[in-house]
Amino acid sequence: MAFVLVLTLLLDQLSKAIASEVRGTFYIIPGVLRFVKAHNRGIAMGLFGDLSELMVWVIASVVLFLTLLPRIVRLNNLEKIAMGFILGGALGNLVDRLRFGYVLDFLNITFLPAVFNLADVFILIGGGLMVIGAARGECEKELESRKERGRLEIGSVPQREDSSLDLEDDHTEGDKGRESAGQRTTEEAELQVEGRGCGRSRTPGEAS
């Protein structure tokens, strides 16, 4: 983030220094992009030019908030790069306002009425990257949530298997106990029957 911020700020200030020395109006890309110098005392793209003094405080407040934002909210790598572009562009325009009281704009797309500079371009790029980074962050959170649910499901399988094995073992032990008890009952009944049979088979002479 810091590297992108510094690089953005340096490129913006260098481009404005070069543009301030250039005279005239001409096409940079024929029919599409042209060089046109303008002094902007408003916000980006030349809007609200009568709010120059107020805009200094507004931009300074925005820059301070964006600087503190990474300490408040956890940002992914793409969002940090986006913040570097936005902060670099905002600082570039703020420096011009503090030094000259206006921002030097020098770029114009032929089918748009606005004149802008590299700082405005960097701010737009940062905004686009921020949207993409936020969407990617949501996707990553969703994937992580699915992985976590998968780990929980996989981790719960052995517990169910162990429980079923325990039940099976308990059932087996119970069956063995019931079988043993049944065998003992059967053997006792047979002995009683044999005893009664022996009693019936005795003769009066044997009983005496």
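The numbers here are math on the coordinates, done by the rules we state, and not lab data. The structure displayed is predicted, hence computed values, not measured ones. Because the Cβ atoms are built from the backbone with ideal geometry, glycine has one as well, and the counts that use them run over all protein chains shown.
The table below lists the values:
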item: Paramagnetic reach from residue 39 in the stretch 92-112 [backbone N under 19 Å; point 7 Å along Cα→Cβ]; result: 93-107
item: Per-peptide average of other Cβ atoms within 10 Å, ordering 5-15, 141-151, 57-67 highest first; result: 5-15, 57-67, 141-151
item: log₁₀ of I(q)/I(0) at q = 0.17 Å⁻¹ - the stretch 2-149, Debye sum with one point per alpha carbon; result: -0.96
item: Cubic angstrom per residue, convex hull over Cα atoms of the stretch 82-153; result: 91
item: Added length on full extension, which subtracts the Cα-Cα distance from 0.36 nm per residue, residue 138 to residue 60; result: 25.1 nm
item: Simple spin-label estimate for residue 147 and residue 131 in nanometres, 7 Å along Cα-Cβ; result: 2.8
